[in-house]
Amino acid sequence: MSERVIPLVDQRHTGFRTPAAALSTDQLIQPNGLLTDTLGRPLSDLRISVTDRCNFRCSYCMPKEIFDKDYAYLPQSALLSFEEITRVAKVFVAHGVKKLRLTGGEPLLRKNLEVLIGQLSALRTVDGQPLDITLTTNGSLLARKAHALKAAGLKRVTVSLDGLDDEVFRRMNDVDFPVRDVLEGIAAAREAGLGPIKVNMVVKRGTNEHEILPMARHFRGTGTVLRFIEYMDVGATNGWRMDEVMPSAEVVQHIQSELPLVQLEPSAPGETAERWGYADANGHHDPALGEIGVISSVTQAFCRDCNRARLSTEGKLFLCLFAENGYDLRSLIRQPPEGQDGDALLASAIGHIWQGRGDRYSELRATLSPDTGTGGRRVEMSYIGG
Ligand code: SF4
């Protein structure tokens, strides 16, 4: 029987083919939970974007002038259904994934998300453990949904909040949404037991760096872990400039000017945040005061431990937040070759794709000149999730 090879291309961006081996029935890769890429990095974390829509227009992610009322969002039929997401997640889990993060756009805009969480919660890791199912949200709908998400099996939430000053926050999200409602969402999530809650603040120099200390004072001693994210050149629409980046080292120094900190060990391999604990009078970490994190993709790249894959809303696999191209898995999910085991081919394709992965954009950023490196169109963060 002649072998049928299906080309995998990214429909939005032309000129990217997956090696035929990825779908060759003679070179099937069967999952064994031990998949690694060309840098020896395991595949243990899958970020699943469930919508490309959002009710905020954060300037560093979804600038209003681009994502306006005429922007061509994906039609419902293009989105993976909950059953399809669960099917592909099951294959990733068989390859070793232990953590699923639901993202967007704003994931809580996807109707009945609890149903998907319920389906994903039934999956087990290769060693029979429940998955760590988390969600990243802007918090705008969290107060209403926290309890239902928890009941469906969600473990934790990460909430994006770029300041406490209402005027600054409204300027950052560009839709006039009040801080108060996000804080109510965080309180509801805490009450529902979706902790430890993480709060992510993107620091953009010249816009919200004066909010760093007010945010630290607010969350210190509450059990919520505040993380400061360096402003990144994600996508191709946020007009990123290096002089608007406040390096994490400077953020830590700024906080230490008032609140003593002590560096902590990473809590898990592949963790993106560098941990700093609030210190007591003797300079020791006081767990009751809690900790902060800094995520330094620009000044301290962490690609060597990057174990994250990203699945877009319409079923494209991206190997890096700064990738230009993705691999279309949806056609394999919806129209597997006749007479073939679609899931076995899907597993093999993911296996070949990850094995061939060498992405390390943040490490290379400084060496890439705008017109050579990935000066092309990096995928938008709102499309594959942060
Ligand atoms: S730049 Fe890409 S490879 Fe590096 S840590 Fe980020 S997502 Fe991973």
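Filter the range 300-321 for residues that are touching a helix residue (DSSP H, G or I) at 6+ places or on another chain (Cβ under 6 Å) and in a loop (DSSP other than H, G, I, E, B); which is nearest to the ligand (Cβ to nearest atom)? Please lay out each step first, then the result.
First pass over the range 300-321, keeping only residues touching a helix residue (DSSP H, G or I) at 6+ places or on another chain (Cβ under 6 Å): 301, 303, 310, 312, 314-315, 318, 320.
Checking which are in a loop (DSSP other than H, G, I, E, B) leaves us with 301, 312, 314-315, 320.
Values: 301: 6, 312: 14, 314: 20, 315: 19, 320: 3 Å.
Filtering first and then ranking leaves 320.
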- Query: Looking only at the range 285-299, which residues are in a loop (DSSP other than H, G, I, E, B) and within 11 Å of the ligand (Cβ to nearest atom)?
  - Reply: 296, 297, 298
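For the range 268-277, indicate whether the set of residues that are among the hydrophobic types (A, V, I, L, M, F, W, C), in contact with a Pro (Cβ under 6 Å, 6 or more places away or on another chain) and free of Cβ contacts under 8 Å to residues at least 40 places away in the same chain is non-empty.
From the range 268-277, those among the hydrophobic types (A, V, I, L, M, F, W, C) are 268, 273, 276; that's our starting set.
Next, only the ones that are in contact with a Pro (Cβ under 6 Å, 6 or more places away or on another chain) stay: none.
So far as the range 268-277 goes, no, none of its residues is among the hydrophobic types (A, V, I, L, M, F, W, C), in contact with a Pro (Cβ under 6 Å, 6 or more places away or on another chain) and free of Cβ contacts under 8 Å to residues at least 40 places away in the same chain.
With the structure loaded, tell me whether residue 267 is under 24 Å from the mean Cα position of the chain (by Cα) and open to solvent by 70 Å² or more (accessible area, probe 1.4 Å) or whether it fails that test.
Values: under 24 Å from the mean Cα position of the chain (by Cα): yes; open to solvent by 70 Å² or more (accessible area, probe 1.4 Å): yes.
Yes; evaluated as a whole, the condition is true for this residue.
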- Task: Go through 251, 202, 262 for me and flag whichever is free of Cβ contacts under 8 Å to residues at least 60 places away in the same chain, open to solvent by less than 50 Å² (accessible area, probe 1.4 Å) and part of a strand (DSSP E or B).
- Result: 262
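Looking at the range 275-306 only, could you name the residues that are buried (at least 20 other Cβ atoms within 10 Å of the Cβ) and under 18 Å from the mean Cα position of the chain (by Cα)?
First, pick out the residues of the range 275-306 that are buried (at least 20 other Cβ atoms within 10 Å of the Cβ): 276, 278, 291-298, 306.
Correct list: 293, 294, 295, 296, 297, 298, 306.
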- Message: Every residue in the range 96-124 that is open to solvent by less than 10 Å² (accessible area, probe 1.4 Å) and either over 21 Å from residue 315 (Cβ atoms) or of a type in the set (Val, Ile, Thr) (or both), please.
- Response: 97, 103, 117
- Item | Cβ-Cβ under 7 Å pairs, at least 6 apart or on other chains, the range 19-30 side of a type outside the set (S, T, N, Q), far side open to solvent by 80 Å² or more (accessible area, probe 1.4 Å) and at pLDDT 65 or above | 21/27
- Note on the structure: By my count, strands (runs of 3 or more DSSP E) wholly in the range 82-177 with at least 2 residues that are among the basic types (Lys, Arg) are 99-103
- Task: Look at the range 322-366 and say how many of its residues are within 16 Å of the ligand (Cβ to nearest atom), at pLDDT 90 or above and of a type in the set (A, V, I, L, M).
- Result: 3
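The values are calculated or read from the model by the stated rules, or taken from the named source; none is laboratory data. All values reported here derive from a predicted model rather than from experimental measurement. Methodologically, a virtual Cβ is constructed for each residue, glycine included, from the backbone with ideal geometry; neighbour enumeration extends over all protein chains shown. The area values use the complete protein model at the heavy-atom level, side chains included, leaving out ligands, DNA and RNA. Shrake-Rupley method; radii C 1.70, N 1.55, O 1.52, S 1.80 Å.
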